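Quick notes on the structure that follows.
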Amino acid sequence: MSSPRSYHSPAREEAARQTRRRMVMAAHALFVERGYAGTTIDAVAEQAGVSRRTVFSSVGSKVELLKTAWDWGVVGDDQPIAVADRPEIARMREVRDPETLVELWVDQILRVGDRVGQLAAVLARAVDADPEAAALQERIDVERRTGAAMFVAGLAAIGGLRADVSEREGADMAWVLMNPLLVRRLREERDWTDDQVRTWLRRLTKASLLTDRPSGASL
């Protein structure tokens, strides 16, 4: 007896994707409005127009909702494409001028920070009271540290890293600079403009990491 054929329906898959997107967007809005502790699965389900069971089966628990919202913010959408495979990251891998690489990296972390800054503040307030939130923060820190290490390794590979800075030290510096709460405080508490933030981050990153070789010098 032949095995039953699987049923593939693009329309059904797209409907499920739209429902999942609606739930994650609802969770994002509620996290920002009510905080992590004040957001419930029931509230997410109500705002998204689905059942509580659908939230759990499509996305998962509250912390999984927050992690999914964070991941979408990092990459900018819900497409199943890894960060390393994104066009903006591929472009950075092709750069051979260290100053240009730093500038592209700063632009990238600012774009990501714009998308996840509110969730970073939500998570920062939740870690002391909720073990799952604390575990998520640790996971995000590891991911950000990995991204920082990749950037610094790329900088070293094109001869741009200072001789007196190890890749480990450089990754630690970049990891701190990638924290979206850093930029958020400058903008919200000190009224810095986007241009001021970008100029400062570029200047600080270049001074901390780049060799003294002039920009554009042959490698």
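The values are calculated or read from the model by the stated rules, or taken from the named source; none is laboratory data. All figures in this text were calculated on a predicted structure; none of them were measured in a lab. Don't worry about glycine lacking a Cβ; one is built from the backbone with ideal geometry, like all the others, and counts go over all protein chains shown. For accessibility, only protein heavy atoms count, side chains too; no ligands or nucleic acids. Shrake-Rupley method; radii C 1.70, N 1.55, O 1.52, S 1.80 Å.
Give the number of residues within the stretch 125-134 that are of a type outside the set (Asp, Glu), surrounded by fewer than 16 Cβ atoms within 10 Å (Cβ to Cβ) and either closer than 16 Å to TRP72 by Cα or without any contact (Cβ under 8 Å) to a residue 60 or more places away in the chain (or both). Please lay out each step first, then the result.
Residues of the stretch 125-134 that are of a type outside the set (Asp, Glu), as a first pass: 125-127, 129, 131, 133-134.
Filter once more, keeping what is surrounded by fewer than 16 Cβ atoms within 10 Å (Cβ to Cβ): 125, 129, 131, 134.
Still in the list and also either closer than 16 Å to TRP72 by Cα or without any contact (Cβ under 8 Å) to a residue 60 or more places away in the chain (or both): 131, 134.
Of the residues in that region, 2 qualify.
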As an exercise: evaluate GLY170 against (1) under 14 Å from the mean Cα position of the chain (by Cα); (2) surrounded by 13 or more Cβ atoms within 10 Å (Cβ to Cβ); (3) outside any loop (DSSP other than H, G, I, E, B) and give the number of the one condition it does not meet. (1)
Report, ordered by the first and then the second residue, all pairs with beta carbons closer than 7 Å, sequence separation of six or more or different chains, a first member in the stretch 157-172 that is on the phi > 0 side of the Ramachandran plot and in contact (Cβ under 8 Å) with a residue 24 or more places away in the chain, and a second member that is open to solvent by 90 Å² or more (accessible area, probe 1.4 Å) and outside any strand (DSSP E or B). GLY159/LEU219
When you check GLU138 against the structure, is it at pLDDT 95 or above and over 13 Å from the mean Cα position of the chain (by Cα), yes or no? yes
Some residue of the stretch 145-167 being in a helix (DSSP H, G or I), open to solvent by less than 40 Å² (accessible area, probe 1.4 Å) and more than 19 Å from LEU210 (Cβ to Cβ): no
Residue selected from the stretch 58-88 under the condition part of a helix (DSSP H, G or I), open to solvent by 50 Å² or more (accessible area, probe 1.4 Å) and charged (D, E, K, R), by the criterion farthest from ALA148 (Cα to Cα): GLU64
How many of the residues in the stretch 24-42 are surrounded by fewer than 16 Cβ atoms within 10 Å (Cβ to Cβ) and either touching a Lys or Arg at 6+ places or on another chain (Cβ under 8 Å) or among the β-branched types (Val, Ile, Thr) (or both)? 4
Taking the stretch 126-152, which residues are touching a helix residue (DSSP H, G or I) at 6+ places or on another chain (Cβ under 9 Å), of a type in the set (Asp, Glu) and within 29 Å of ARG93 (Cα to Cα)? ASP141, GLU143
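Would you say THR54 is among the hydroxyl-bearing types (Ser, Thr, Tyr), touching a Phe, Trp or Tyr at 6+ places or on another chain (Cβ under 9 Å) and within 22 Å of ARG21 (Cβ to Cβ)? Please lay out each step first, then the result.
Working: among the hydroxyl-bearing types (Ser, Thr, Tyr): yes; touching a Phe, Trp or Tyr at 6+ places or on another chain (Cβ under 9 Å): no; within 22 Å of ARG21 (Cβ to Cβ): yes.
When the stated conditions are applied, THR54 does not pass them.
Go over the candidates VAL55, VAL106, VAL116 one by one and state the one that is surrounded by 18 or more Cβ atoms within 10 Å (Cβ to Cβ), more than 14 Å from the chain's Cα centre (by Cα), touching a residue at least 24 places away in the same chain (Cβ under 8 Å) and assigned to a helix (DSSP H, G or I).
Values: VAL106 fails: more than 14 Å from the chain's Cα centre (by Cα); VAL116 fails: more than 14 Å from the chain's Cα centre (by Cα).
Within the list VAL55, VAL106, VAL116, the selection yields VAL55.
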